Amino acid sequence: MAPQLTLQAPLELPPQEVPDYLGRLWEGEQEQANGASTFSLVVWEPAWIEQQLVRLGRLTGPINGLERPELLQAAREAIPVCGLPPSTSPLAPELAWQLGQLPGDASAEDLRGQQVDAAISRHQPRRLITLAPTLDGHRPLETLVAAYCPLPEEGPMTSVCGDVVVMRGGLGALEHGLQMVNPLISAELPCWVWWNGCLDEAPQLFEAVSQAPRRLVVDTAIGSPARALEVLCSRAASGQAISDLNWYRLVSWRESLAMAFDMPSRRDALAHVVQLDIDVQGHQPVQGLLMAAWIADRLGWQLEHTSKAEGDGILASFRRPDGAPVRFRQMPVPVGTPSTHPGSLVGLRLVCEPEGRTPLCVILCGETGGCMRLEAGGMARLELVEEVVATAVESAQKEVSRTLRGGHDSTNPLLCAAAPLAAKLLPN
């Protein structure tokens, strides 16, 4: 967290007293500090895996909801203990569920919402509201408030102060306590809602906190693919601003593919694609489907059919604008050290057959993957272009920080076009 002056240390208050208390806090009690005119951020922060690992004594506290290295290491070590395949992501929901079946009753201090990551705090949110569900579903609602000002490097303090509100308890208590959330969100300032968990969980609470005009941040790499794509498509179609962290992780892949066809001698080959193959880590297909949908949308392909393939793969057929068919196949592949994000791309192969020319094969692969599987199958007869895509793995807080920095008061138009097609690619 950036250097800060604590105006109000974390203070536990009865839920009904929080709105009035915060109103008085910024009405003159702090002579040199006024609430920043920036934005509000509401965060759903379940941290189920962290809570379970602490309960089992496999991770030391406190619980803070941040993707610290100790958490990822403990999660990776727990994957074989839970009988899950090695390709399981350390943040996969199925790991949290399996951990929940193991006995343990250790505890630690819960600091979710109180330790704001520097990537978020540098944007100086006016108000940060954290909804922190507990493993104990019957735990009553607890509310804490605090206020901070970033310390200026020089000169007098400027009006960039903000406060945090933490609502912690069982799911029922959180849903009941939502009536106090709306009065805490200023209608004059933009409001972001970061759903930092599965879109399958707590659907009533999700609907209550995420309605327009609030801007929504989700991660379609987590949870049910059908549910994630349904939310993405419906909110974008309604005109609500929605950002998908899973989509933004594809930036380097999209840029690398575009650069592979920058050469004038290759550009016309894009009109003659006959086959698209995508490999993803594990069995979460959404990122690969978003990549395929982006390619199909940009090249004007029409989807004709999609079906399941052996081993949780996906097969589909498209029709190019000139009427020629395009075959698509997406396959889950095992990797030695899975990414923290389920379903991350491992490799991509695009085969083009321009008339009167040597067929062209473009292969992209991640640094942790390798291209050997995609090089198989008669590639010797093709002009082969291979590129390694540099994919930096960042914490979710840094990914959200980039979204906040960009503003994004509307949904990315490329995502708006790709999401419905990705949903259609997902077999029933």
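The values are calculated or read from the model by the stated rules, or taken from the named source; none is laboratory data. Just so you know, these numbers come straight off a predicted model, no measurement behind them. Every residue, glycine among them, receives a Cβ derived from its backbone with ideal geometry; neighbour counts consider all protein chains shown. Just the protein is used for accessible areas: all its heavy atoms, side chains included, with ligands, DNA and RNA removed. Shrake-Rupley method; radii C 1.70, N 1.55, O 1.52, S 1.80 Å.
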(message) Out of the residues in region 239-288 meeting the condition of being under 18 Å from Cys198 (Cα atoms) and assigned to a helix (DSSP H, G or I), tell me which one is most open to solvent (accessible area, probe 1.4 Å).
(response) Tyr248
(request) Might you check whether a residue that is surrounded by 17 or more Cβ atoms within 10 Å (Cβ to Cβ), closer than 26 Å to Ser224 by Cβ and modelled with pLDDT under 95 occurs anywhere in region 54-66? (result) yes
(request) Check off (1) modelled with pLDDT of 95 or more; (2) in contact with a strand residue (DSSP E or B) (Cβ under 6 Å, 6 or more places away or on another chain) for Trp97 and give me the number that stays unchecked. (result) (2)
(request) Test Asp105 against the criterion of being at pLDDT 85 or above, of a type in the set (D, E, K, R) and over 27 Å from the mean Cα position of the chain (by Cα), and give yes or no. (result) yes
(message) Can you find a residue that is closer than 23 Å to Ser210 by Cβ and touching a helix residue (DSSP H, G or I) at 6+ places or on another chain (Cβ under 8 Å) anywhere in region 94-107?
(response) yes
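Is it the case that Leu299 is touching a residue at least 24 places away in the same chain (Cβ under 8 Å), under 28 Å from Asn412 (Cβ atoms) and more than 26 Å from the chain's Cα centre (by Cα)? Outline the logic, then answer.
Working: touching a residue at least 24 places away in the same chain (Cβ under 8 Å): yes; under 28 Å from Asn412 (Cβ atoms): yes; more than 26 Å from the chain's Cα centre (by Cα): yes.
Yes: the conditions hold for Leu299.
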(message) Could you tell me how many of the residues in region 81-112 are closer than 24 Å to Glu399 by Cβ and open to solvent by less than 30 Å² (accessible area, probe 1.4 Å)?
(response) 10
(message) Would you confirm, using the coordinates I've provided, whether Ser234 is open to solvent by 20 Å² or more (accessible area, probe 1.4 Å), modelled with pLDDT of 95 or more and over 15 Å from the mean Cα position of the chain (by Cα)?
(response) yes
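Considering each residue of region 397-428, count those that are in a helix (DSSP H, G or I), under 28 Å from Gln124 (Cα atoms) and touching a residue at least 12 places away in the same chain (Cβ under 8 Å), and give that number.
Residues in region 397-428 being in a helix (DSSP H, G or I), under 28 Å from Gln124 (Cα atoms) and touching a residue at least 12 places away in the same chain (Cβ under 8 Å): 10 in total.
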(message) From the list Glu201, Glu207, exactly one residue is without any contact (Cβ under 8 Å) to a residue 24 or more places away in the chain, within 22 Å of the chain's Cα centre (by Cα), on the phi < 0 side of the Ramachandran plot and open to solvent by 10 Å² or more (accessible area, probe 1.4 Å). Which is it?
(response) Glu207
(request) Residues being more than 21 Å from Pro85 (Cα to Cα), in contact (Cβ under 8 Å) with a residue 24 or more places away in the chain and surrounded by fewer than 12 Cβ atoms within 10 Å (Cβ to Cβ): count how many of those fall in region 322-357. (result) 2
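Select from region 210-231 the residues that are of a type in the set (A, V, I, L, M) and open to solvent by 40 Å² or more (accessible area, probe 1.4 Å) and list them in ascending order.
Filtering region 210-231 for residues of a type in the set (A, V, I, L, M) gives 212, 216-218, 221-222, 226, 228-229, 231.
The answer is Ala212, Ala226.
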(request) Scan (1) open to solvent by less than 10 Å² (accessible area, probe 1.4 Å); (2) at pLDDT 80 or above for the single condition Ala417 breaks and write down its number. (result) (1)
(message) Would you confirm, using the coordinates I've provided, whether Thr88 is among the β-branched types (Val, Ile, Thr) and more than 27 Å from Glu17 (Cβ to Cβ)?
(response) yes
(message) Anything in region 237-292 that is without any contact (Cβ under 8 Å) to a residue 60 or more places away in the chain and within 19 Å of the chain's Cα centre (by Cα)? List them, or say none.
(response) Val251, Arg254, Gly288, Met291
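Residue by residue, here is whether (1) closer than 23 Å to Gln115 by Cα; (2) at pLDDT 95 or above; (3) open to solvent by 10 Å² or more (accessible area, probe 1.4 Å) holds:
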site: Glu154; (1), (2), (3): no, no, yes
site: Asp163; (1), (2), (3): yes, no, no
site: Arg168; (1), (2), (3): yes, yes, yes
site: Leu178; (1), (2), (3): yes, no, yes
site: Glu188; (1), (2), (3): no, no, yes
site: Val193; (1), (2), (3): yes, yes, no
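Determine whether Ser40 is in contact with a Cys (Cβ under 7 Å, 6 or more places away or on another chain), of a type in the set (Gly, Ala, Ser) and either surrounded by 13 or more Cβ atoms within 10 Å (Cβ to Cβ) or within 20 Å of Glu201 (Cα to Cα) (or both).
In short, yes.
Among the listed residues Gln73, Gln124, Gln115, identify the single one that is surrounded by fewer than 22 Cβ atoms within 10 Å (Cβ to Cβ) and modelled with pLDDT of 95 or more.
Values: Gln124 fails: modelled with pLDDT of 95 or more; Gln115 fails: modelled with pLDDT of 95 or more.
Of Gln73, Gln124, Gln115, the one residue that is surrounded by fewer than 22 Cβ atoms within 10 Å (Cβ to Cβ) and modelled with pLDDT of 95 or more is Gln73.
Consider region 301-321. How many of its residues are open to solvent by 30 Å² or more (accessible area, probe 1.4 Å) and of a type outside the set (D, E, K, R)?
We begin by selecting, within region 301-321, every residue open to solvent by 30 Å² or more (accessible area, probe 1.4 Å); these are 302-308, 310-312, 315, 317, 319, 321.
From what is left, the residues that are of a type outside the set (D, E, K, R) are 302-303, 305-307, 311, 315, 317, 321.
Qualifying residue count for the region: 9.
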(request) Any residue in region 116-143 that's farther than 22 Å from Ala202 by Cβ: show its pairings with residues that are outside any loop (DSSP other than H, G, I, E, B) and open to solvent by 40 Å² or more (accessible area, probe 1.4 Å) at Cβ separation under 6 Å, as long as the two are six or more apart or on different chains. (result) Ala119/Lys398
